[in-house]
Each structure stands twice: as C-alpha cells, then as structure tokens.
Amino acid sequence: MASLQQTATCLAVALLSFSDCSESFPISRGVQPALSRRNSPLRAKASETEETDTQIRDRILEEIDTGFRTFPQTNINLNDWGEPDDVVTLENEDDDTAIDASTLGQWDERDVEDKFDYEWDPDKGDEDPNNLDPNFEYVEGEQLDEEGIEVGYNPVFGHSNPIDGRTILNPPDSYVIDEKTRDDRLVTKDFPDGDPELKANAEIIAFRKSLKQTETYTDEFLKMEVPRHTAKWHGYPEQLSFPKQDYMNNRFTKPEDATDFDALGAARARKVAVQMARAKNNEWLPEGTSAAYHARKTAIYREKGVLVGSLLAGEIDEDVVAKIQPALSVLGDVVELLSIEMDTVFRFKYHGLIKNKRGMSAWAGVLIRNCDVDCTNVVFETGYRKRDPAYDGGDYWSGPY
C-alpha cells in the first residue's frame, strides 16, 4: 500500500513538472492539454495567490533567456500596435488658416537691409526720438564738486554721473491727479469744497515744484544715486553702411577738371584709371606734377652730358663692335647697341620682357667677355617702359611718369 502511494506521488510530481514546461512548446489547435499549471488542482493547493504582472513578465523573460520559450518575431504585425488617435491625418486639408510655403514669398538680401516700422530711420526723414520734450525742464550743465571738477568724471573712463542733461526737474504727476487728465468724479477729494486747507495745500505743492529738486533713488546694482525721472534714450540709428561722402573729397583736382568715369564705360574707365595710377597722379595732385618730378630727377643727366637713363645714342667704337659681333648675333633683335662708355660699359636698348631684364644684362656681359673684350658693366635701357604689356592686361601705355 505504501509503495502504491509513493508511485502516485512520483507520477503527480512528474506531471506537474511537465506542465511547467508545456507553455514553452507550441500546442496544436484543437488539442487541449490534459493538465496545465494554471488549471491544476495541485497548483491551486500549493499557491493561494495568483502571480502578479511583474512576476509573469520576469518568468517569461527568464524562459526566453534559457531557451524554454521561443519568440518568433515574424508573427508580429506592427500595424496592430498603437492607438488610432496616434495616427496623424489631415482632416481639414482645405483650412484657410494653414500656412502655405508657396505664398510666403522669396527671401533675398532686402529682408536683411529693411528695418521694422518701429525703428528709427533718419534716411526716411524720421524725427529723432532722442529730442527733448519742451514741456519739461532739464538739468543744465554738469554737477561740480567742491574743487570745481565734474562729479563722477574719470580721466580714463570719462563721464559717469547719471544726473545729466536728460534728467527731468519737473516730472509730470500721475494721470489721476494731474490737472490736464484728472477727473474729479472718479477721485476722492482731499478736502471738502470751501475748506481753507485747499488754498494752503496748493501753495505748498507750488512751492515744492518751484524748488526743482532732482528726485533720486539708490540703485541696487550701481549702489549710487540715480535720477528717477529722465528722458528715455532710444540709442543711435543702426548704420547699415558707411556714410556717403563726396567723391571729390580730399582731392586737389578741381571739380570741373575731374574725370567722369561713369561716362567712359567699364573698359575705357579701367584703362584710364590704370594710366592715372601709373602716372603717380590719381587726381590727388595737380596736373603736370608727375612730369615735373621726372624732369627734375633727370635734369642732372642733361647738365653733365650723361646718357645713362635715356635712349639717346652715343659714341661707338667700330673695332669693338666687330669683336663683339658673335655676342650681338646671339642676342639678336632683343637688344640694340646705343653707345660704349669708358671703353668698358656697354649701353643697349632692350626690347625684351622686363621680367628678364636683369638676367639678360648679366648674360650679355658674359657673352662680351667671351669675345676677349673688357666689360665692366652692361646697361639695358628701356626708357619709360617699366612693365610687360602682354603680361599686364595688354595695355601699351607707358607714360608720362
């Protein structure tokens, strides 16, 4: 009998353990388990309370981690999740108050330059809001201390006295009691009609106003006395560009002699501007100043008879020319012999590029020395030409300088 009871107990434990794992395996439709953990009478006796949602969640997650429960994500339809209210729908597509991007216009640089209606724009003739109201009286002059120095003045930081020319001495009363705006029907009278205190009170008020004392208070941040009534400062207008000035400002050229670049056109105006800049004039100096400067610098050469610096021809020794003929053949049309100074200095008129002038002159000296001719220096003369037209915009103008 005892063995039979022991066998039944083992069978019940086995069935119970099998029912714990039954939830981890899929069950075919129409086939109900003979015994499950939830409907087992043994479980009802073993546990008096049901599992909470947190316990069920933790148990299912643990079974998934251990492999007892499968989680096929392919069977989940995301469209079945969520509330219908969460779906964004355009119920009123023809709403007149809706913002339409096509009607907002096009953004350009004018939106940055324009000012708001309340901004002060002196270019449009707006009155300066910083002008003082003539209906009030203001402090005149600066407050001076015992030594005659302006109060709050510092040689480094300048003026710092808050009581200045915008401080009001006779501030307006409240609109409730001001003579211009008060309504006796809405204001309780201080004294009944005919009371002698009315006249005395009016005299005291007039006397206090005649003192023109500056009403001040202590600012909690500045820790100093500041006026209570001042004319509002609206600031300076925003400058979107530099102030316009006359084109002929700070120029020595007379207005009637000025060059009208607007009437020349873009190409001609640039050409004339380059010529004027190269002439060291640029309309800052009177006409002829640059030419006079050049003549003054070269006058000493004419007085002493020095040909260096000009394109004038001088004396040439034909015997020396015959000896340096191989060098002249190599140089070709790039140079033209002008003179031979002191038997060892050779002057040439140079037709090549200015950027190669120094190198060509050194090479010409080497070629002359290779002809067994003494050469101490080679001078390439270019006259007024100081740059290469082909590499400088194609402009062949070269003077006067």
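The values are calculated or read from the model by the stated rules, or taken from the named source; none is laboratory data. Computed from a predicted model, the values in this text were never measured in an experiment. Here the Cβ positions follow ideal geometry from the backbone for every residue, glycine too, while neighbour counts run over all protein chains shown. These accessible areas exclude ligands, DNA and RNA; they are computed on the full protein's heavy atoms, side chains included. Shrake-Rupley method; radii C 1.70, N 1.55, O 1.52, S 1.80 Å.
Assorted remarks:
- Overall, the accessible surface of the stretch 196-264 at a probe of 1.4 angstrom is composed of carbon and sulfur to the extent of 53 percent.
- With q set to 0.09, 0.13, 0.19 Å⁻¹, the log10 of I(q)/I(0) for the stretch 220-328, from the Debye formula over equal scatterers at the Cα positions, is -0.62, -0.83, -1.13.
- Volume of the Cα convex hull of the stretch 150-203, divided per residue and given in Å³: 132 Å³
- Phi-derived couplings, Karplus 6.51 cos²θ - 1.76 cosθ + 1.60 at θ = phi - 60°, listed residue by residue for the stretch 355-364: 5, 9, 5, 5, x, 5, 5, 5, 5, 4 Hz, with x used for Gly and Pro.
- Per residue solvent-accessible surface (Å²) - the stretch 236-366, probe of 1.4 Å: 73 Å²
- The residues neighbouring residue 141, those whose beta-carbon lies less than 11 Å from its own, together hold a net charge of -4 under the Lys/Arg +1, Asp/Glu -1 convention.
- Amide H contacts for residue 375 (H built 1.01 Å from N in the peptide plane; partners 5 or more residues away or on another chain; cut-off under 5 Å): none found.
- For residue 216, residues with placed amide H under 5 Å, excluding near neighbours: 228
- Positive dipole terminus of the stretch 336-377, leading residue within 359, 344, 373 (C-beta point charges): 359
- Fully extending the segment from residue 269 to residue 247 would add 6.4 nm, taking 0.36 nm per residue of separation and subtracting the current Cα-Cα distance.
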